[in-house]
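The next block holds one structure in the form of structure tokens; read it before the comments.
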Amino acid sequence: MTLADAFTPGTFVDAFRFMPDHAGLLLSKTAEHIELSFAALGIALVLALPLGLWLGHRHRGLFVAVSVSSLGRALPSVAVIAFGITLLGVGFWNNTAALVVLAVPPILTNAYFAVDGVDANAVEAARGMGLTELQILLRIELPLGLALVVAGVRIAAVFVIATATIAAIAGGGGLGEIIVNQASYGLAGVVAASLCVSALAFLTALALGLVRRAVSPRGVRRA
Amino acid sequence: MRSQAAELVFDEATKQYPGRPEPAVDRLSLTVPAGEICVLVGPSGGGKTTALKLVNRLIPLSSGDIRIDGTSILDLDLVTLRRGIGYVIQQVGLFPHMTVEENIATVPRLLGWSRQRIRERVLELLELVGLDPDHDRRRYPAQLSGGQQQRVGLARALAANPPLMLMDEPFGAIDPIVRARLQEEFLRLQRELGKTVVFVTHDIDEAIKLGDRIAILREGGRLAQYDTPARILAEPADEFVAQFVGADRALKALTLRTLGDLDLRPGTWLPGLPRVPVATTLRDALAVLVAEGHERLIVVDEAGEPLGTATRDDLLA
Ligand SMILES: Nc1ncnc2c1ncn2[C@@H]1O[C@H](COP(=O)(O)OP(=O)(O)OP(=O)(O)O)[C@@H](O)[C@H]1O
Ligand SMILES: [Mg+2]
């Protein structure tokens, strides 16, 4: 019997019953999922954000930014995890590393283009007035490009939360443990955990969408 | 609040862009006395922008030197150098995410002025450049007309009262009427502030109107002539300059003087003669005579009282 054959409208009812019955399990797996995702996102931010911003400021390394981005899209996460098992063994760090690889490209690319695209005249005026390069980046380019930077983080966050599900394969924990283990949790458990992943991704996207709107500079924002 | 002005000296200043056969600025030597407006003028690609940006080191010198009050720009810390120079560009380059007030306050903030002092300075500058200190202060650049943006750009460059101003075609993108008004206001401002100004334009009429001295650059960034507007119009150094200032240079020279500069004839106040204000340029006065078909006009003061008369020959003498 395939998964599709087993899937009936009643499945959802079962899934919603599963939730209160196994609230403790779902909560702890959701917490693991968040921990894993946020760790990966945090590391990716630390790595990709300064690099992307600085390359954008220098208008250099467009090639790097673009090839990193297409590389990220071409590499299947499962392959990265498999590769990581040989390097880092099974567990949290292996999965985190795979998710970082996934999160870096959209953050790096967006940060690059956000800064690269800021009005060259404003930047020249700033430089001519005696702002240092760091001041130009932090006071002019970053505020003007911040909405685009956040948009990149948002894409990365949704990728990471969705993909963290397969971490279970390599013993990384998270909601994926329920999803890949129908034998133990039943179809209702699988669907319930999937719904949790979806909700998590959706709420994160929503929250970062709001952040994005909030950081769109006044005076530039279109009505 | 007349500030100190600085003497600016170009000494064999040269810029050779890598991969280019000819220099963009070629051994440029000229002195702008403190408190004067020097207009750099010349054909497109003549190296005007390059020469200007050499001064605040947005473009590094290839050889030669530039000195401000005797100190080489190469001996100054980059940030200190630039904070002491007002810089205005045609595209204005206002910071779109900052209000007019924040734009103008940029350099004073970097210099660590107190809030109180910055606020006072912003209000003073808005007044000075002809903007409304109450309303315009809180607006964003996108809410301003091109002319208003250019005024903010000027106010921002003046904020820390720099002794030297660099202006690259600041009125280039503005319609002729507003442009003429901004030119007038700029001259009024300059009489008040007495800065040393290097002003780039490719419009010879603007150069004649604004410049105490005009430097004409030809292709390849070579200085063709550096002189007062009157002398450039009267005695172009060579064929290139004569061509550049135009065949109507005699007429242009008339824009340099007003009716007030003439020895007026005591007049019999004949009715029907055109009455022209004393501050009118000789060129505009001539235009009045030609348009109305008269040989003689009555010069009046601001109150409209006759001061005397002038004939067409007086204007052309
Ligand atoms: N960054 C650069 N790299 C190489 N060549 C340059 C660069 N900037 C300017 N040039 C060249 O140097 C010459 C002088 O340019 P510049 O911009 O100083 O002229 P300009 O007199 O300001 O012209 P315009 O009236 O069109 O503004 C031109 O031939 C131009 O192509
Ligand atoms: Mg130019």
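The values are calculated or read from the model by the stated rules, or taken from the named source; none is laboratory data. The structure presented is a predicted model; accordingly, all values stated were derived computationally and were not measured. Ideal geometry is used to build each Cβ from the backbone, glycine not excepted, and the neighbour counts take in all protein chains shown. Calculation scope for accessible area: heavy atoms of the full protein, side chains included, ligands and nucleic acids excluded. Shrake-Rupley method; radii C 1.70, N 1.55, O 1.52, S 1.80 Å.
Residues that are free of Cβ contacts under 8 Å to residues at least 24 places away in the same chain, within 14 Å of chain B (Cβ to nearest Cβ) and within 25 Å of the chain's Cα centre (by Cα) do occur in the stretch A:127-141, at least one of them.
For the stretch B:15-115, the strands (runs of 3 or more DSSP E) that sit wholly inside it and include 2 or more residues that are away from ligand 2 (no atom under 16 Å from the Cβ) are B:25-32, B:63-68, B:85-89. Selection of the stretch A:187-223 for residues being within 14 Å of chain B (Cβ to nearest Cβ), open to solvent by 50 Å² or more (accessible area, probe 1.4 Å) and part of a helix (DSSP H, G or I) yields only A:Ala214. Between B:Leu78, B:Leu58, the distinction of being open to solvent by 30 Å² or more (accessible area, probe 1.4 Å), more than 19 Å from the chain's Cα centre (by Cα), under 17 Å from A:Gly128 (Cα atoms) and within 11 Å of ligand 1 (Cβ to nearest atom) belongs to B:Leu58 only. Restricting attention to the stretch B:196-231, the residues that are within 16 Å of ligand 2 (Cβ to nearest atom) and part of a helix (DSSP H, G or I) add up to 3.
Which residue, of B:Tyr140, B:Tyr87, is surrounded by 15 or more Cβ atoms within 10 Å (Cβ to Cβ) and more than 16 Å from ligand 1 (Cβ to nearest atom)?
Numbers: B:Tyr87 fails: more than 16 Å from ligand 1 (Cβ to nearest atom).
Of the residues listed, the single one that is surrounded by 15 or more Cβ atoms within 10 Å (Cβ to Cβ) and more than 16 Å from ligand 1 (Cβ to nearest atom) is B:Tyr140.
Taking each residue of the stretch B:39-57 that is within 14 Å of chain A (Cβ to nearest Cβ) and in contact (Cβ under 8 Å) with a residue 12 or more places away in the chain and looking for partners that are charged (D, E, K, R) and near ligand 2 (Cβ under 9 Å from one of its atoms) with beta-carbon atoms closer than 7 Å, six or more apart or interchain, yields B:Thr49/B:Asp168; B:Leu52/B:Asp168. Looking at B:Ala234, B:Ala207, just one residue is away from ligand 1 (no atom under 16 Å from the Cβ) and either more than 14 Å from chain A (Cβ to nearest Cβ) or surrounded by fewer than 22 Cβ atoms within 10 Å (Cβ to Cβ) (or both), and that residue is B:Ala234. Among the residues of the stretch B:106-157, the ones that are more than 19 Å from the chain's Cα centre (by Cα), charged (D, E, K, R) and more than 11 Å from every other protein chain (Cβ to nearest Cβ) come to 11 in all.
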